[in-house]
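Taking it in order: structure first as structure tokens, then the write-up.
The values are calculated or read from the model by the stated rules, or taken from the named source; none is laboratory data. Quick caveat, the model's predicted, so the values are computed rather than measured. Counting neighbours? That spans all protein chains shown, and the Cβs are built from the backbone with ideal geometry, glycine included.
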Amino acid sequence: MNIFADPQIWASTLSMAVPLALPAIGGTFSERTGVVNVAMEGIMLMGAFFGVAFAYWTGSAWIGLLMALVIGGLTSAAFAWGAIRVSADQVVLGMAINIFAGGITAFLLDTVFGFNGTPVSTPKLPNVSIPGIDKIPYIGEIFTNQSILVYVMILIVILSHWFLFHTRLGLRMRSVGENPLAADTVGINVWRLRYSGVIIGGLLSALGGAYLSIGVLNSFSVNMTNGRGYIALAAMIFGKWTPFGAFGAALLFGFSTALGIVLQGHGVSSNLLQMIPYGLTILALTGLVGRSTPPAADGLPYEPKR
């Protein structure tokens, strides 16, 4: 059987791209405004844990999703304050948040849920099928019975591209990432837009984390993001800091993971194939796969004019 002709591998690719594409697009917003956001891994973990925790406490996956976004927004706001207001080293600060998130979520998992972990009764977000599309041969099999966040992701990709490249506010956000002094000179509030970019990035990263815990599963495990925040960073760079590009790179990473699962029964080492996303991440972050030029002021603190 030709596994590439099997619609299920493409359905799995789409599903596995979600926790990569969402934070990658979020990172695009952050870095387009001039802030390097390495904290996506930690924000994803926070969103994943608090999403499943509140889903269990309230009996509603939707409330869990809402609280995941709230926690993601608060965490990213703290990161934004340190990176923008205090002018802390953005990479070091992001790594500190990642380490903190890994420790606090592991501690809370053990403290709140104990040895047995999150209960199996925890609700999860529904899988849905779009009427009409599910009747289309082949395509319908790819999009049928996907998590609702798969469709949300597709909508976010389209809206993010439109917002960043076809609206006045999007143009202003990109301007503060390219030349904040010029933007400040014409009256654009650089700090406000940078805060907005980072917080949008945090919300999308938390959404990606919640997808893992209450979208695919209904549980949380220690470090369940498994480096996806860093892969999302690579996807953003692969995509040249554009939503469509980041989405395409996330699909590539998702496909390599899906292929590894499919080939487990075909005599190919799944462990070897699962190394591909991380290998591509290393190549992307070292600039060995294509040349991507970040926004000119990316990672550079800015002190507004007085």
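Among the candidates Gly170, Gly114, Gly132, single out the residue that is modelled with pLDDT under 85 and out of contact with any Ser or Thr (no Cβ under 8 Å at 6 or more places or on another chain).
After ruling out the rest, the residue left standing is Gly132.
Looking at region 128-185, which of its residues are touching a residue at least 60 places away in the same chain (Cβ under 8 Å) and of a type in the set (Asp, Glu)?
Glu141, Glu178, Asp184
Kindly check whether there is at least one residue in region 16-34 that is touching a strand residue (DSSP E or B) at 6+ places or on another chain (Cβ under 8 Å), of a type outside the set (Phe, Trp, Tyr) and closer than 16 Å to Ala235 by Cα.
Scanning region 16-34 turns up at least one residue that is touching a strand residue (DSSP E or B) at 6+ places or on another chain (Cβ under 8 Å), of a type outside the set (Phe, Trp, Tyr) and closer than 16 Å to Ala235 by Cα.
Can you pull out the residues in region 59-79 that are surrounded by 24 or more Cβ atoms within 10 Å (Cβ to Cβ), under 14 Å from the mean Cα position of the chain (by Cα) and not polar (S, T, N, Q)?
Scanning region 59-79 gives Ala68, Gly72.
Ala39: in contact with a Phe, Trp or Tyr (Cβ under 7 Å, 6 or more places away or on another chain), touching a residue at least 12 places away in the same chain (Cβ under 8 Å), buried (at least 22 other Cβ atoms within 10 Å of the Cβ) and not acidic (Asp, Glu), yes or no?
Spelling it out, Ala39 is indeed in contact with a Phe, Trp or Tyr (Cβ under 7 Å, 6 or more places away or on another chain), touching a residue at least 12 places away in the same chain (Cβ under 8 Å), buried (at least 22 other Cβ atoms within 10 Å of the Cβ) and not acidic (Asp, Glu).
Checking the condition more than 21 Å from the chain's Cα centre (by Cα) and at pLDDT 90 or above, which residue from Leu155, Leu109 passes?
Residue meeting the stated conditions: Leu109.
Any chance region 127-140 includes a residue that's in contact with a helix residue (DSSP H, G or I) (Cβ under 9 Å, 6 or more places away or on another chain), buried (at least 17 other Cβ atoms within 10 Å of the Cβ) and hydroxyl-bearing (Ser, Thr, Tyr)?
no
Name, by its number, the condition in (1) over 13 Å from the mean Cα position of the chain (by Cα); (2) surrounded by 16 or more Cβ atoms within 10 Å (Cβ to Cβ); (3) at pLDDT 90 or above that does not hold for Asn223.
(2)
In region 258-282, what count of residues is obtained for those that are among the aliphatic types (A, V, I, L, M), modelled with pLDDT of 70 or more and surrounded by 12 or more Cβ atoms within 10 Å (Cβ to Cβ)?
Selection size over region 258-282: 8.
So for region 74-85 (the condition being of a type in the set (Phe, Trp, Tyr) and either under 21 Å from Gly27 (Cα atoms) or modelled with pLDDT under 95 (or both)), does at least one residue qualify?
Within region 74-85, one or more residues are of a type in the set (Phe, Trp, Tyr) and either under 21 Å from Gly27 (Cα atoms) or modelled with pLDDT under 95 (or both).
Just to confirm my filter: which helices (runs of 4 or more DSSP H) fall fully inside region 61-171 and include at least 3 residues that are over 24 Å from Leu45 (Cβ atoms)?
Once the helices (runs of 4 or more DSSP H) in region 61-171 are filtered for at least 3 residues that are over 24 Å from Leu45 (Cβ atoms), what remains is 139-143, 148-166.
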